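> Provided herewith is a single structure, encoded as structure tokens, for subsequent inquiry.
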Amino acid sequence: MKIKAIALNTFKEAIRDRILYLLLFFAAVCIIFSRLLALLTVGDKVKIIKDVGLTSLSLFGALMAILMGTGLVFKEIDKKTIYTIVSKPIHRYQFLLGKFFGLVLTLFVMLLLMSFIFLALVFFHTFTIEWEMFVAILFIFFELCLVTSVALLFSCFSTPILSSVFSLAFYLIGHTAWGLETLIKKIPPGLGKTMAQALYHFLPDLENFNFKTEIVQNLDIPSEAFLYSVLYGIFYTLFVLILAVLVFRKRDFI
């Protein structure tokens, strides 16, 4: 009940934040702009709209998670309300989980609004409901949950600006780490290759949640890929949340 109360309060606070609606506006502009881009590009116009639209959902959803998540704990400390919270019979892990689920709920609502605009635009061109798009959007949501947990972790020990930089770096690295696998194949056996392999397995791989290309191009996706991505998202998010709880427990507010 305590986690639920904090989550609902976090949701109510987040939903009033102007930056959320600013990002929602720009996301809508990018999604609608994809139609103009499709008209100016040679190729399948619908595929271009789908590609740009799904990319916009992921990018602006991540920006929402980062900009909102990195201030969750810092705002409580800055307003001195954290002293009132920790003095009450509430565990710190309950406070963090409440903040996490509150922001996840906010992102779910924002993603729903962005998806409605995107799917309406696709329907305008195809006059059919693209059920495959829901799969891509679902895994974008899993990705946002992971990014939220990372933003929350950094907010436990750093300022919002640095936390935003760290979280954004996590997002960018997560979508470019696949290039390291290609590099590993070219490195000769030795210490350098071993270190590169260790780094590759340590770094996040957010491409596990990216089924944009397969769905837009109507390619077959093995069911094992979906299962692996779901498990990867759940366990990685849990791991980051446990780290956040451990860090937050060490902070002294007295």
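Any read-out appearing in this document is the output of simple, stated calculations on the displayed coordinates, not a laboratory observation. Just so we're clear, the structure is a prediction, and the values are computed from it rather than from any experiment. Here the Cβ is made from the backbone with ideal geometry for all residues, glycine too, and neighbour counts use every protein chain on show.
> Between PHE123 and HIS91, how many nm apart are label points set 7 Å from Cα along the C-beta direction?
Label at PHE123, label at HIS91, 4.4 nm between them.
> So, one more: What whole-number distance in Å separates the alpha-carbon centres of region 156-212 and region 42-72?
20 Å
> Any chance you could tell me what percent of the C-alpha pair distances in region 64-198 go past 21 Å? Mind showing how you got there, number by number?
Values: 5287 of 9045 pairs.
Of all Cα-Cα pairs in region 64-198, 58 percent lie more than 21 Å apart.
> Using C-alpha positions alone, give me the convex hull volume of region 1-155 per residue in cubic angstrom. Mind dumping the intermediate values first?
On the way: hull volume 16.8 nm³, N = 155.
Per-residue hull volume (Cα only) is 108 Å³.
> For the chain, what is the calculated [θ] at 222 nm in deg cm²/dmol (nearest 500), taking -39500 (n - 2.57) for each run of four or more DSSP H residues and dividing by its residue count?
-27000 deg cm²/dmol
> To continue, here is another question. Tell me the label-point distance for the pair ASP44, LEU8, using the 7 Å Cα-to-Cβ offset, in nm and rounded to one decimal.
Computed distance between label sites ASP44 and LEU8 equals 4.6 nm.
> With r defined as the distance between the Cβ atoms of TYR21 and PHE108 and R0 fixed at 22 Å, what FRET efficiency is calculated, to the nearest 0.05?
Values: r = 16 Å, r/R0 = 0.72.
Rounded to the nearest 0.05, the efficiency is 0.90.
> Let me ask something else about it. List the aspartates and glutamates whose alpha-carbon lies under 20 Å from that of LYS50, not counting same-chain residues fewer than 8 positions away?
Once the sequence-local aspartates and glutamates are set aside, what remains near LYS50 is GLU130, GLU132, GLU143, GLU207, GLU214, ASP220.
> Longer than 20 Å from Cα to Cα, which of LYS12/LYS212; LYS80/LYS250; LYS99/LYS212 are they? Say none if no pair is. Write down the numbers at each step before the final one.
On the way: LYS12/LYS212 32 Å; LYS80/LYS250 18 Å; LYS99/LYS212 30 Å.
Listed pairs above 20 Å: LYS12/LYS212; LYS99/LYS212.
> Taking the beta-carbon count within 10 Å as an exposure proxy, list TYR171, TYR236, TYR93 from fewest neighbours to most. Kindly include the intermediate steps, with their values, before the conclusion.
Details: TYR171 23, TYR236 20, TYR93 16.
Arranged by neighbour count, lowest to highest, TYR171, TYR236, TYR93 become TYR93, TYR236, TYR171.
> Between PHE33 and LEU191, what's the calculated FRET efficiency when r is the beta-carbon distance and R0 is 51 Å? Round to 0.05.
The computed FRET efficiency comes out at 0.60.
> Given labels modelled 7 Å from the Cα in the Cβ direction, how far is it in nm from ARG249 to PHE235?
Here the modelled spin labels are 2.2 nm apart.
> May I pose another question? Compute the relative contact order of the chain as a whole-number percentage, counting only Cα pairs closer than 8 Å that sit 6 or more residues apart in sequence.
Relative contact order, the chain: 26 percent.
> Mind checking the dipole of the chain: about its Cα centre, +1 per Lys or Arg Cβ, -1 per Asp or Glu Cβ, Debye to the nearest 20?
Working: 22 positive and 16 negative charges, 211 e Å.
It works out to roughly 1020 debye.
> Using only the C-alpha atoms of region 180-254, find the volume of their convex hull and express it per residue in Å³.
On the way: hull volume 10.7 nm³, N = 75.
Residue-normalised Cα hull volume stands at 142 Å³.
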